[in-house]
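Below you'll find the structure, written out as structure tokens, and then a few comments.
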Amino acid sequence: MAEDKDKKVSSISAVFPAYNDGGTIPSMVLTALIALKEVTDDYEVIVTNDGSADFTRQVLDALAERFPELHVIHKEKNGGYGAALRSGFSAATKDWIFYTDGDGQYNPLELKNLVGALDEGVDIVNGYKIQRHDPLYRKIIGRIYHHIVKLLFSFKLKDVDCDFRLFRRDILDTVKLESETGTICLELVKKMQDAGFKFAEVPVNHYYRSYGKSQFFNWRHLKNSATQLLSLWRKIVVQKDHLK
């Protein structure tokens, strides 16, 4: 599908979950504001600060004073990636939702590539990493994870683990999300896929994390993630609760 780099949409909510991302979230917000102006005249940025222990709260409050398009949700305790993302989605008011993480591993300026891939009938545009810029052990774990979830959930996307997506907000009227952890991305894509929504895919750049530490790549978290993954698989693949 050819991309139209000059294409615009009616309105977009850009959503960022942030946890101890004080060193990257300001540039993500500012870059998102630039990107949004290129693809729509009606936009907002929503950041959920998920109980950060660094200076994320302070920099977000300072930005919110300067930019009325920025809306910040502060959570006093860390509730998990999925819970933070769902809070941002619930606060979104525009026709389209764009989301990515606040850690600076994706470039919001590439939002125009997602919008450019919108065609008649397309409901979701999903990015896929051109090349993963992470330490070798993370690349290996990520590749293993990709193949496991693709097999378990019958995913058709090239890169379900790429958190750089644009989708119609009214999809959330049909797709009800429950995950409070990182499994929310699997839940979101699987439920969208099962509901028959149409995907488009575009390549996006992935960057080395320059600030903070990933909460996913440690053995304790990986063990918990495996438990949550199997629980999600049982609910939406075996029991098919979302289709009842």
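The values are calculated or read from the model by the stated rules, or taken from the named source; none is laboratory data. Only a predicted model underlies this, so the values are computations on that prediction, with no experimental measurement involved. Don't worry about glycine lacking a Cβ; one is built from the backbone with ideal geometry, like all the others, and counts go over all protein chains shown.
Only one entry in Thr56, Thr48, Thr31, Thr40 is among the hydroxyl-bearing types (Ser, Thr, Tyr) and under 17 Å from Asn107 (Cβ atoms), namely Thr31. Taken over the range 29-78, the criterion of being out of contact with any strand residue (DSSP E or B) (no Cβ under 6 Å at 6 or more places or on another chain) and of a type in the set (D, E, K, R) is satisfied by Lys37, Glu38, Asp41, Asp42, Asp54, Asp61, Glu65, Arg66, Glu76, Lys77. Reported count of residues in the range 1-53, each being farther than 19 Å from Asp95 by Cβ and hydrophobic (A, V, I, L, M, F, W, C), is 10. Looking across the range 93-117, the residues that are more than 11 Å from the chain's Cα centre (by Cα), over 16 Å from Asp173 (Cβ atoms) and in a loop (DSSP other than H, G, I, E, B) come down to Asp103, Gly104, Gln105, Asn107, Ala117.
Where strands (runs of 3 or more DSSP E) sit wholly within the range 1-92, those with at least 3 residues that are farther than 25 Å from Ala117 by Cα and more than 17 Å from the chain's Cα centre (by Cα) occupy 70-75.
Would you pick out the residues in the range 186-208 that are at pLDDT below 95 and touching a Cys at 6+ places or on another chain (Cβ under 9 Å)? The answer is His206, and nothing else.
Table: residues versus (1) out of contact with any Asp or Glu (no Cβ under 9 Å at 6 or more places or on another chain); (2) farther than 22 Å from Ala32 by Cβ; (3) free of Cβ contacts under 8 Å to residues at least 24 places away in the same chain.
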| residue | (1), (2), (3) |
| --- | --- |
| Ile140 | yes, yes, yes |
| Val149 | no, yes, no |
| Leu152 | yes, yes, no |
| Val160 | yes, yes, no |
| Phe164 | no, no, no |
| Ile171 | no, no, no |
| Thr181 | yes, yes, no |
| Asp194 | yes, yes, no |
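Quick check on Val149: is it modelled with pLDDT of 95 or more and of a type in the set (Val, Ile, Thr)? So Val149 does not fit the description; no. Evaluated against (1) in contact with a helix residue (DSSP H, G or I) (Cβ under 6 Å, 6 or more places away or on another chain); (2) part of a strand (DSSP E or B), Phe167 falls short on exactly one condition, (1).
Of the residues that make up the range 209-225, is at least one over 25 Å from Ala92 (Cβ atoms), exposed (fewer than 13 other Cβ atoms within 10 Å of the Cβ) and either modelled with pLDDT of 95 or more or among the aromatic types (Phe, Trp, Tyr) (or both)? Within the range 209-225, one or more residues are over 25 Å from Ala92 (Cβ atoms), exposed (fewer than 13 other Cβ atoms within 10 Å of the Cβ) and either modelled with pLDDT of 95 or more or among the aromatic types (Phe, Trp, Tyr) (or both).
Screening the range 2-39 for residues that are without any contact (Cβ under 8 Å) to a residue 60 or more places away in the chain and over 22 Å from Pro203 (Cβ atoms) and picking the one that is surrounded by the most Cβ atoms within 10 Å (Cβ to Cβ) gives Val29. Within the range 69-84, identify whether any single residue is loosely packed, with under 14 Cβ neighbours inside 10 Å and farther than 21 Å from Asp123 by Cα, and answer yes or no. Scanning the range 69-84, I find at least one residue that is loosely packed, with under 14 Cβ neighbours inside 10 Å and farther than 21 Å from Asp123 by Cα, so the answer is yes.
In the range 59-87, the residues that are on the phi > 0 side of the Ramachandran plot form Cβ pairs under 7 Å with partners that are buried (at least 18 other Cβ atoms within 10 Å of the Cβ), at six or more places apart or across chains, as follows: Gly80/Thr181.
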